[in-house]
Amino acid sequence: MIEELIQSNCIKLGSFTLKSGDISKYYFDMKNIISYPNMLAKIGDEIYKKLQDFDIICGIPYGGLPIASYISTKYNKPLIFVRDKAKNYGTQKLIEGEYDKSKKCVIIDDVITTGGSIQYNIDVLKDKVDLVEVAVIFDRQQNYNCSLPVKSYLCKNDIIKYKLKKIMKEKQSKLCFSADLNDKNKIIDILKKIGDKIVVCKIHYDILDDNDGEFKKDLINVSIKHDFLIMEDRKFNDISYIVEKQYSKFKNWVDLVTVHSLVSSDVINCLSGALLIGSMSNNNHDFTDIALQHAKNNKNNVIGFITQKRIDCDDLICMTPGISTKETNDKDQKYRTSSNVDTDIIIVGRAIYNSPNIEETISKLVN
Ligand code: S5P
């Protein structure tokens, strides 16, 4: 279904300027689903299966109405909807359709971002019907506020997980390039050369000076052209109130982000495409057990682990840094060769960007 949503332009990848002025790598236009009735029906059925028992269904105009109307007619659940403003003529109604306080009601929308329009519907309906829950087609995972539980058919983490696995398969590659250079132009030049061979480009955005945001734009464009994901290796390690603020700088344009495992579940819950630190290449601390626990408790937020050894957990991906062409140490970095690693993705920095022949080094690393 994710592939179908991409093909039908409900999920778009590119460089999009948002209302806030920020740049986003994704644009979710679920309203386009009305042009694909079979897809709308499939998703409507899946959403219906997830819902608790209810009597009436409220669709939020415009995006939620088509899917709510489908569920309403197919499953014989009467439909209501709330107007933006009460009509100032005729009946002056704010709520269309029939309802009363005894009716268990679910609210349906296409996408949840801030939760603002859903909360408006909840506030209008809360004394008029028996509100049960909210369901949406797509959760952008932007830390919404909503006073009712929200179920989603898909979330951004699902899209990223799907994209990563698809790229790995199509390119037959397990290489993540760690672009830890200060020279932004050099990073982009290298990516233009090796972009087709890598699945992820990992950065430490705080190493760079990108006040004008030009590097960010260039990186997004090169990542779309050569089809790889962008990872910010931020290793979040604070309370969720702060991490939310720190993450807001990245959430619209990076696909993946690293987080330490010694944080609370609330931190992981505010991320998408999260990679939990299981074990590091520089010392013997092992956080595997706690990382595993977080992964199990936050399935909608986590993509996998940064780890020195394979961690088996459902379909999660294991990535390993500390890889070079020779087994050696560089201060606290302990290098192994890729043939000694049993995980899905190898993360390589200096061995690539300091190499006099990058292409040759890459073929040594991946063969
Ligand atoms: O355990 C770790 C985890 C990470 S994410 N050890 C690491 O070295 N890293 C990162 O991988 C590190 O921050 C750097 O960006 C990269 C390794 O770079 P290299 O130049 O040593 O290959």
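Hey, any idea what Rg/Rh is for segment 112-220, computing Rh the Kirkwood way over Cα pairs?
Looking at segment 112-220, the ratio lands at 1.18.
Using modelled backbone amide H atoms (1.01 Å from N, in-plane), which distant-in-sequence or interchain residues come within less than 5 Å of S152's amide H?
Distant-sequence amide H within range of S152: V136.
Points 7 angstrom from Cα along the Cβ direction at Q246 and N211: gap in nanometres?
It works out to 2.4 nm between the two label points.
Are there any trypsin sites (Lys or Arg not before Pro) in segment 288-367 that are in a DSSP loop and have at most 15 other Cβ atoms within 10 Å? List them by number.
K299, K309, R310, K326, K331
How fast does segment 232-367 diffuse by Stokes-Einstein, in µm²/s, taking the Kirkwood radius from C-alpha pairs at 4 °C and 1.567 mPa s?
83
I need the per residue convex hull volume for segment 102-152, using only the alpha carbons, in cubic angstrom as a whole number.
Per-residue hull volume (Cα only) is 60 Å³.
Can you list the lysines whose alpha carbon sits under 28 Å from that of K104, skipping same-chain ones fewer than 8 residues off?
Answer for K104, where 28 Å is the Cα cut-off: K31, K42, K49, K50, K74, K77, K85, K87, K93, K126, K128, K151, listed by chain and number.
Taking the dipole about the Cα centre of the chain, with the C-beta of Lys and Arg at +1 and of Asp and Glu at -1, give me whichever of N298, I352, Y27 is farthest to the positive side.
Y27
For segment 1-113, state the average projected area of the convex hull of the C-alpha atoms over all orientations, rounded to one decimal in nm².
The directionally averaged projection comes out at 9.1 nm².
Can you tell me the relative contact order of segment 212-367? Whole percent, Cα pairs under 8 Å, sequence separation 6 or more.
14
Percent relative contact order of the chain, based on C-alpha pairs within less than 8 angstrom and at least six residues apart?
Relative contact order, the chain: 11 percent.
S15's amide H: which non-local residues (gap 5+, or another chain) put their own amide H closer than 5 Å, with H modeled 1.01 Å from N in plane and none for Pro or chain starts?
none
Quick one: go through segment 20-40 and flag any residue whose amide nitrogen is under 18 Å from the point 7 Å out along the Cα-to-Cβ line of E4.
So the set is 29-40.
Quick one: compute the contact order of segment 42-142, relative version, from alpha carbon pairs under 8 angstrom and 6+ residues apart, as a percent.
Result for segment 42-142 is 30 percent.
For segment 304-321, in order, what is each residue's ³J(HN,Hα) by Karplus, 6.51 cos²θ - 1.76 cosθ + 1.60 with θ = phi - 60°, in whole Hz (x at glycine and Pro)?
Once θ is set to phi - 60°, the couplings for segment 304-321 become x, 10, 9, 7, 8, 9, 4, 10, 8, 7, 6, 9, 7, 9, 10, 10, 10, x Hz.
Which length gain, in nm to one decimal place, applies between D238 and D330 when the Cα-Cα distance is subtracted from 0.36 nm times their residue separation?
So the extension gain works out to 30.3 nm.
For Q293 and N38, compute 0.36 nm times the residue count separating them, minus their Cα-Cα distance, and round to one decimal in nm.
88.0 nm
Please compute, for the alpha-carbon atoms of segment 195-279, the extent along each of the three principal axes and give them in descending order in Å.
36, 28, 19
What dipole magnitude, in Debye to the nearest 20, does the chain give about its Cα centre under +1 on Lys/Arg Cβ and -1 on Asp/Glu Cβ?
The calculated dipole for the chain is roughly 440 debye.
Mind checking the alpha-carbon convex hull of the chain and giving the volume per residue in Å³?
So the per-residue Cα hull volume is 149 Å³.
For the chain, what does the helix formula give at 222 nm: sum of -39500 (n - 2.57) over DSSP H segments with n ≥ 4, over the residue count, nearest 500 deg cm²/dmol?
So the helix-based figure for the chain works out to -9500 deg cm²/dmol.
May I ask you to list the lysines whose Cα is less than 18 Å away from that of K169, ignoring any residue fewer than eight positions away on the same chain?
Answer for K169, where 18 Å is the Cα cut-off: K161, K197, K225, listed by chain and number.
Values in this text are rule-based calculations from the coordinates and carry no lab data. Just so you know, these numbers come straight off a predicted model, no measurement behind them. Positions of Cβ are generated from backbone atoms using ideal geometry, with glycine treated the same way; all protein chains shown enter the neighbour counts.
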